[in-house]
1. Looking at 30, 72, which one is part of a strand (DSSP E or B) and at pLDDT 90 or above?
2. Filter the range 78-91 down to the residues that are closer than 23 Å to residue 47 by Cβ and touching a residue at least 12 places away in the same chain (Cβ under 8 Å) and list them by number.
3. Could you go through the range 45-66 and let me know if any residue there is touching a residue at least 60 places away in the same chain (Cβ under 8 Å) and either part of a loop (DSSP other than H, G, I, E, B) or under 26 Å from residue 89 (Cβ atoms) (or both).
4. For the range 8-25, enumerate the residues that are closer than 16 Å to residue 67 by Cα, assigned to a helix (DSSP H, G or I) and in contact with a helix residue (DSSP H, G or I) (Cβ under 8 Å, 6 or more places away or on another chain).
5. If you check 72, 23, which single one turns out to be touching a residue at least 24 places away in the same chain (Cβ under 8 Å) and surrounded by 14 or more Cβ atoms within 10 Å (Cβ to Cβ)?
6. Could you list, in sequence order, the residues of the range 26-45 that are more than 19 Å from residue 102 (Cα to Cα) and either crowded, with 17+ Cβ neighbours inside 10 Å or out of contact with any helix residue (DSSP H, G or I) (no Cβ under 8 Å at 6 or more places or on another chain) (or both)?
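The values are calculated or read from the model by the stated rules, or taken from the named source; none is laboratory data. Keep in mind it's a predicted model, so treat the numbers as computed, not measured. A quick note on method: Cβ atoms are made from the backbone with ideal geometry, for glycine too, and the neighbour counts reach across all protein chains shown.
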């Protein structure tokens, strides 16, 4: 593949940029990691795992991940309502990337 001149390049059109747009933010990688390790996960369990996250913030991040087809929200019709989150097939395909981030962190921790 031929390298472009930096002036000709458009970062926003790269796969790297797209991937970052899906997992960007303080909590999305943590949410994905918790689902990778413990799925399915209920809202309150995830809140306890992440710590110091507001209900609204967690809810918003979950909605965004669901809209991007990385997680699925399963609602069980019972009282009280039971809701669980798990990775979609597309979300599972992102696990390799998250694993590499984890490997890098373990190898380069100071």
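1. Selected residue: 72, the only one of 30, 72 that is part of a strand (DSSP E or B) and at pLDDT 90 or above.
2. Residues satisfying the conditions are 82, 83, 84, 85, 86, 87, 88, 91.
3. no
4. 19, 22, 23 - these are the residues of the range 8-25 that are closer than 16 Å to residue 67 by Cα, assigned to a helix (DSSP H, G or I) and in contact with a helix residue (DSSP H, G or I) (Cβ under 8 Å, 6 or more places away or on another chain).
5. When all the criteria are applied, what remains is 23.
6. Within the range 26-45, 40, 41, 42, 44 meet the criteria.
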